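What follows is a short report on a single structure.
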Amino acid sequence: MDSLIRFMFDRYQVRGQIVRLEHAWTEVARRHLRHDGRDLAPTVRYRLGEMSSAGLLLAASLKFDGGLVMQIQGAGPVALFVVECESNGTYRATVKLRPDAHVPHDASLADLVNQDDKGRFAVTLVPDRAHDAKDAGGTAGRGKRAARRTALTVPYQGIVPFEGDTVAEVLERYMERSEQIPTRLWLAADDHAAFGLLLQRMPQQGGNLPADFDDDGWRRVTTLAQTLTREEMLQLPVEAILKRLFWECPMTPLERRRPAFACTCSRDKVGAMLKMLGQSEVDSILAERGEVAVTCEFCNNDYRFDAVDSAQLFASELSPRTPPSRH
Ligand SMILES: [Zn+2]
């Protein structure tokens, strides 16, 4: 049931994408039932689910091969929401609360992150070339990618103040500012599913409009999408939603993807981080605790290094324990 479909209303010059995450989302949700030993309020997790859907929708429309990182930097109980999407359709996501944060069960996104208007929303686009340089394991498929046109060669980050009450509203404002394309988004998440629908009105270039161009199409499809209920978003397959909303509209399906959860952490990367920390720091942790334990905040994987592992790490600058791999 994990599915993302890109589609187009040619006559209306409107493009769209719809995503439904089940397994791909529950893999993330079940890792975020608790935070720092306490139950995590569902309102926080559901906002993370909505951001996950939104991130995958944005990543699916990228004009280059690469990844996308979406962040809400919070001033409030939540310090950070982060969703990282890769060009192969995988993603990971996590949330960081402030110590001793109290989250009312009915807190809105603005309550969670925008105290004193200090919330920030950021999207970072990371082209694969930068990715590969950053990621020691990034060799898979490089030849194929190099043959394709890459429009973006350096990471790009857009940061805007937090505007809006929901993840969808914040995203719509961001898209208006950054792309100047009218964009509407509908998002929903619970512990079983995450959903997103994105509609964009393409620039009206006189000469390229189809002969049967319908200027009222944008208003029509957004009005139809507005009738979606939260129950429908969370329970219906994407095909059923498209049929229920747009059965009278001439739609062309373009592409289907199967999104999945995958964490990019690895023992080699944790080892590289410990090397940057330095041998004396690592030795002092070993002396105190007998091992260095690092938990990935995205997938909860534990990486443990004892004195023997540490000695190997600092002895062998060039021979990692396992061949580098990339998820
Ligand atoms: Zn991980």
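The values are calculated or read from the model by the stated rules, or taken from the named source; none is laboratory data. The shown structure was predicted, so the numbers you read here are calculated from the model rather than taken from an experiment. Virtual Cβ from ideal backbone geometry, glycine too; neighbours counted across all protein chains shown. With ligands, DNA and RNA removed, areas are computed over all heavy atoms of the protein, side chains included. Shrake-Rupley method; radii C 1.70, N 1.55, O 1.52, S 1.80 Å.
Each residue of segment 236-249 was assigned a 3J(HN,Hα) from its phi angle through the Karplus curve 6.51 cos²θ - 1.76 cosθ + 1.60 (θ = phi - 60°); the sequence is 8, x, 4, 4, 5, 5, 4, 5, 5, 7, 10, 5, 9, 9 Hz, with glycine and proline shown as x. The phi-based Karplus calculation (6.51 cos²θ - 1.76 cosθ + 1.60; θ = phi - 60°) puts the 3J(HN,Hα) values of segment 82-90 at 9, 10, 10, 10, 9, 5, 7, x, 8 Hz, whole numbers, x for Gly and Pro. Between HIS102 and ASP212, the simple label model (points 7 Å from Cα in the Cβ direction) yields a spacing of 6.1 nm. DSSP bridge analysis restricted to the chain gives an antiparallel fraction near 95%, rounded to the nearest 5. Give me the percent of the accessible area of the chain that comes from carbon and sulfur atoms, probe 1.4 Å, all protein chains in place. The C+S portion of the solvent-accessible surface of the chain is 51 percent.
A simple spin-label model places the labels of GLU22 and GLU255 2.4 nm from each other, with each point 7 Å out along Cα-to-Cβ. For ASN114, the residues 5 or more places off, or on other chains, whose built amide H falls under 5 Å of its own are ALA75. Angle between the Cα long axis of helix 42-60 and the longest principal axis of the chain, 0 to 90 degrees, nearest 10? Between the helix axis and the principal axis of the chain, the angle is about 70 degrees. Here each label is just a point 7 Å from Cα along the line to Cβ, and for LYS243 and LYS118 those points are 5.1 nm apart.
Solvent-accessible area per residue for segment 187-294 at a 1.4 Å probe radius, Å²? Write down the numbers at each step before the final one.
Values: 6070 Å² over 108 residues.
Per residue, segment 187-294 has an accessible area of 56 Å².
With K and R counted +1 and D and E -1, the other residues having a Cβ less than 13 Å from that of GLN180 yield a net charge of 0.
Evaluating 6.51 cos²θ - 1.76 cosθ + 1.60 at θ = phi - 60° for every residue in segment 254-269, the Karplus couplings come out as 10, 7, 10, 10, 10, x, 8, 7, 8, 8, 9, 6, 7, 4, 4, 5 Hz, glycine and proline recorded as x. Highest mean first, the peptides 116-124, 51-59 sorted by other C-beta atoms within 10 Å per residue fall in the order 51-59, 116-124. Note on LYS96: aspartates and glutamates with a C-alpha under 17 Å away, same-chain residues under 8 apart excluded, are ASP36, ASP39, GLU50, GLU84, ASP111, GLU297.
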